[in-house]
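Undergrad: Shown below is the structure under consideration.
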Amino acid sequence: MFVIGNFLKAVAVVLHYVLNFYMWIIIARAVLSWVNPDPYNPIVNFIHNVTEPVLYRIRILAFRIKIPVNFGGIDFSPIIVILCIIFLDLFVVDSLSQLSQTLM
């Protein structure tokens, strides 16, 4: 059973780092929205292409359930995504870590 415990611990650690990295990409996207970046810059394109599918789904979901995500020219969808990432990190990653500890 220790092999499964080690596997779950490795999945938890990798998932933690992926979620943390994606949260920083979302923060970079929000900071880039405050300035006028070059749209042909490959880093700006990468950040936009990685974050836009998730942010678009949040905007569509908020529109369907009538929650204003854009208020006063400010887009609050990155905050919603960051809160979801924190929830996933605290719930899923910690649950996987605790489960791996019980299997070791």
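The values are calculated or read from the model by the stated rules, or taken from the named source; none is laboratory data. Keep in mind that what you see is a predicted model, and the values were worked out from it rather than measured. Ideal geometry is used to build each Cβ from the backbone, glycine not excepted, and the neighbour counts take in all protein chains shown. Quick note on the areas: whole protein, heavy atoms, side chains included, nothing else; ligands and nucleic acids left out. Shrake-Rupley method; radii C 1.70, N 1.55, O 1.52, S 1.80 Å.
Undergrad: Considering only protein heavy atoms and a 1.4 Å probe, what is the carbon-and-sulfur percentage of the accessible area of the chain? Can you show the working numbers first?
TA: Working: 5670 of 7640 Å².
Summing carbon and sulfur atoms, their accessible area is 74 percent of the total for the chain.
Undergrad: Give the longest segment of the chain that steers clear of chymotrypsin sites (Phe, Trp or Tyr not before Pro) in DSSP loops with at most 12 neighbouring Cβ atoms within 10 Å, not counting the sites themselves. Can you show the working numbers first?
TA: Details: sites that count: W34, Y40.
Formally, the longest exposed-site-free interval is 41-104.
Undergrad: How large is the dipole of the chain about the Cα centre if only Lys and Arg carry +1 and Asp and Glu carry -1, each at its Cβ, rounded to the nearest 20 debye?
TA: Values: 6 positive and 5 negative charges, 56 e Å.
Its charge dipole is roughly 280 debye.
Undergrad: Taking 0.36 nm per residue of sequence separation and subtracting the Cα-Cα distance, how much length would be gained by fully extending the chain between V13 and Q101, in nm to one decimal?
TA: Working: separation 88, 0.36 × 88 = 31.68 nm, distance 1.30 nm.
Once the chain is fully extended between V13 and Q101, it gains 30.4 nm.
Undergrad: Any chance you could run the full-extension gain for F21 through S33? It's 0.36 nm times the residue separation minus the Cα-Cα distance, nm to one decimal. Provide the component values of the computation, followed by the final result.
TA: Working: separation 12, 0.36 × 12 = 4.32 nm, distance 1.86 nm.
Between F21 and S33, full extension yields an extra 2.5 nm.
Undergrad: For the stretch 47-104, what is one quarter of the convex hull surface built on the Cα atoms, given in nm²? If you can, show how the numbers build up before the last one.
TA: Numbers: hull surface 21.9 nm².
The directionally averaged projection comes out at 5.5 nm².
Undergrad: At R0 = 30 Å, how high is the FRET efficiency between I4 and Y40 if r is their beta carbon distance? Nearest 0.05 is fine. All intermediate terms of the calculation are to be shown ahead of the outcome.
TA: Details: r = 48 Å, r/R0 = 1.59.
So, using R0 = 30 Å, E works out to roughly 0.05.
Undergrad: Ignoring solvent entirely, what values of log10 I(q)/I(0) come out of the Debye formula for the chain at 0.12, 0.16, 0.20 Å⁻¹ when each Cα is a single scatterer?
TA: Computed log10 I(q)/I(0) values: -0.53, -0.79, -1.00.
Undergrad: Over the chain, give the accessible area per residue in Å² for a 1.4 Å probe, as an integer. List each step's numbers first, then the result.
TA: Working: 7640 Å² over 104 residues.
Value for the chain: 73 Å² per residue.
Undergrad: Could you compute the net charge surrounding E52? Neighbours are other residues with a C-beta less than 13 Å from the C-beta of E52; K and R count +1, D and E count -1. Show your work: numbers first, answer last.
TA: Numbers: positive: R29, R57, R59; negative: D75.
Summing Lys/Arg as +1 and Asp/Glu as -1 gives +2.
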